Amino acid sequence: MQAGTYLTSIDYATVSIYAFWIFFAGLVLYLNRESKREGYPLVTPGKPKQNLVGGFPGMPDPKTFLLANGTTVLAPNPTPAPEREIAMVPVDRTPGAPFIPTGDPMVDGVGPAAYVMRGMHPALLHDDGTPSIVPLRLAPEFSVDAADPDPRGYDVVDADGVVAGKCVDVWLDKSEMIFRYIEVAVATDTGERTMMIPVPLIRVDGEARTVKVRTLLAKHFAKAPMLSYRDSITLREEDMVSAYCAGGQLYAKPERSEPCL
């Protein structure tokens with residue numbers, strides 16, 4: 001081979017495409033590993049807890065993430081928190097068989113009423129670190145538009161038209177500038193308490209001065225999730241409230257979960 005002819009004999013187009021394929025394969029493996037930082041290892045239902053499945057490629061090494069509220073989280077967590085016991089059983093022993101609730105599915109968090117065990121701290125604003133979702137009583141600079149009915153003071157009625165409580169406040173998400181929840185005062189056997197209902201699940205009637213909640217019955221208001229703090233809602237409680245109120249679409253009445261025919 002003459003000097004200087006080696007490089008000229010290389011097919012650079014072929015080298016480039018092979019290099020791209022190798023890079024792309026490595027990228028796919030990397031992204032698949034990173035996607036397993038949450039939700040893994042998988043646990044096979046009905047099998048011992050030691051029967052954990054990580055799949056291919058395996059899970060990445062644990063990494064510590066700093067959250068906006070100052071706390072840290074390790075993902076994947078080699079020592080995850082104990083799973084909460086859920087009152088449900090599979091219909092049969094067939095792999096992949098659906099689960100059915102054995103207690104009160106709305107309270108136990110089953111099916112459409114299920115929720116994720118998120119952090120017990122509120123979502124925070126990035127500019128000042130304060131809770132982003134607050135009641136209007138703590139945000140006097142905001143108000144309900146004059147063209148819309150203000151539900152505060154209205155009776156809250158259930159799916160059957162029965163008065164279940166009274167709206168005492170509206171909760172605003174200052175990061176999105178939308179109303180997230182209404183706060184409802186309800187009477188219980190142990191005294192009055194408040195509960196939250198997501199705004200998308202209500203219908204405000206300004207003429208009748210009522211708020212209709214079709215997914216719940218009056219008896220469900222007293223069992224709704226309670227907030228840990230008077231004037232803020234945590235991430236987990238957001239999921240719990242939404243799951244409980246939306247779960248009533250299937251579980252509030254027996255006929256809602258029965259076949260149409």
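Quickly run through the stretch 74-92 and pick out the residues that are modelled with pLDDT of 85 or more and more than 30 Å from D104 (Cα to Cα). Residues satisfying the conditions are L74, A75, P76.
For the stretch 126-138, the set of residues classified as touching a residue at least 24 places away in the same chain (Cβ under 8 Å), assigned to a loop (DSSP other than H, G, I, E, B) and surrounded by fewer than 14 Cβ atoms within 10 Å (Cβ to Cβ) consists of H126, G129, listed by residue number.
Selection within the stretch 145-188: residues that are among the basic types (K, R) and touching a residue at least 40 places away in the same chain (Cβ under 8 Å). The member of this set that is nearest to R203 (Cα to Cα) is R180.
Residues of the stretch 32-43 that are surrounded by 10 or more Cβ atoms within 10 Å (Cβ to Cβ), without any contact (Cβ under 8 Å) to a residue 40 or more places away in the chain and of a type outside the set (V, I, T): N32, R33, E34, S35, R37, Y40, P41, L42. For the stretch 251-260, the criterion of a residue being within 13 Å of A159 (Cβ to Cβ) and touching a Leu at 6+ places or on another chain (Cβ under 6 Å) is satisfied by at least one position. Of the residues M106, M196, the single one that is in contact (Cβ under 8 Å) with a residue 12 or more places away in the chain and either over 18 Å from D231 (Cα atoms) or of a type in the set (V, I, T) (or both) is M106.
With respect to the stated conditions, A243 fails to be in contact (Cβ under 8 Å) with a residue 40 or more places away in the chain, surrounded by 18 or more Cβ atoms within 10 Å (Cβ to Cβ) and over 24 Å from I133 (Cα atoms). Only a single criterion out of (1) modelled with pLDDT of 80 or more; (2) closer than 23 Å to M120 by Cβ; (3) out of contact with any strand residue (DSSP E or B) (no Cβ under 8 Å at 6 or more places or on another chain) is not satisfied by G26, namely (2). Residues that are over 20 Å from the mean Cα position of the chain (by Cα) and farther than 30 Å from E255 by Cα within the stretch 203-230 comprise G206, E207, R230, listed in sequence order. Out of everything in the stretch 197-236 that is in contact with a Phe, Trp or Tyr (Cβ under 6 Å, 6 or more places away or on another chain) and part of a loop (DSSP other than H, G, I, E, B), what residue ends up being surrounded by the fewest Cβ atoms within 10 Å (Cβ to Cβ)? My answer is R209. R180 - would you say it is outside any loop (DSSP other than H, G, I, E, B), buried (at least 20 other Cβ atoms within 10 Å of the Cβ) and touching a strand residue (DSSP E or B) at 6+ places or on another chain (Cβ under 7 Å)? For R180, the condition - outside any loop (DSSP other than H, G, I, E, B), buried (at least 20 other Cβ atoms within 10 Å of the Cβ) and touching a strand residue (DSSP E or B) at 6+ places or on another chain (Cβ under 7 Å) - is met. Scan the stretch 167-174 and give yes if some residue there is farther than 27 Å from L125 by Cβ and not in a strand (DSSP E or B), otherwise no. Checked the stretch 167-174: no residue is farther than 27 Å from L125 by Cβ and not in a strand (DSSP E or B).
Does V168 fit the bill of being surrounded by fewer than 16 Cβ atoms within 10 Å (Cβ to Cβ) and among the aliphatic types (A, V, I, L, M)? Against the criterion (surrounded by fewer than 16 Cβ atoms within 10 Å (Cβ to Cβ) and among the aliphatic types (A, V, I, L, M)), V168 does not qualify.
The values are calculated or read from the model by the stated rules, or taken from the named source; none is laboratory data. This is a predicted model, so every value here is computed, not measured. Cβ atoms come from the backbone with ideal geometry, glycine included; neighbour counts cover every protein chain shown.
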